[in-house]
Amino acid sequence: MVSVDGSIVLQMVNFLLLIWILNMVLYKPIRKILLERKEKVTGLQSDIDGSAQQVKSKEDAYAEGVRQARAAGQKEKEAMIQAAAEEEKVIIGKINESAQAELKAVKEKITQEMGTAKSALEEEIDAFADAIGQKILGRVA
């Protein structure tokens with residue numbers, strides 16, 4: 001059976017002394033280490049958040065750069081297509097002019113040859129008429 005006497009006071013003093021010693025030797029250093037770890041984790045988390053924001057801003061800047069480059073490339077492509085179309089018109093115009101000149105030359109040559117052939121035939125028309133007449137008359141008679 002437990003008797004309440006003067007030893008209870010001694011046990012209470014001993015218990016309080018033990019709590020105070022444990023607090024000084026064990027609990028305070030552990031709490032200090034836990035607090036330092038918490039501060040370190042918080043600092044690392046803020047660094048991670050800052051890095052994530054930097055990555056996001058760099059990704060946005062990269063995406064914007066790509067978009068601008070595509071737009072510039074599209075404009076340059078359209079300008080090149082326009083220049084090619086204009087050059088095509090110039091080339092086709094030159095080809096048309098060349099074809100028209102060639103056609104004119106061919107027409108002139110044909111007209112000239114036709115005139116030559118006509119004059120040659122006109123010179124020989126009397127001979128042809130005589131030959132045809134003799135053949136017709138020679139067969140009829």
- Could we say that residue 46 is surrounded by 10 or more Cβ atoms within 10 Å (Cβ to Cβ) and under 60 Å from the mean Cα position of the chain (by Cα) here? yes
- Query: Pairs under 8 Å by beta carbon, first residue loosely packed, with under 10 Cβ neighbours inside 10 Å in the range 62-79, partner hydrophobic (A, V, I, L, M, F, W, C) and not in a helix (DSSP H, G or I), six or more apart or different chains?
  - Reply: none
- Note on the structure: Restricting the range 1-36 to residues that are among the small types (Gly, Ala, Ser) and not in a helix (DSSP H, G or I), the one modelled with the highest pLDDT turns out to be 6
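The values are calculated or read from the model by the stated rules, or taken from the named source; none is laboratory data. No experiment lies behind these values; they were computed from the predicted model shown. Note that each Cβ is placed from the backbone with ideal geometry, even for glycine, and that neighbours are counted across all protein chains shown.
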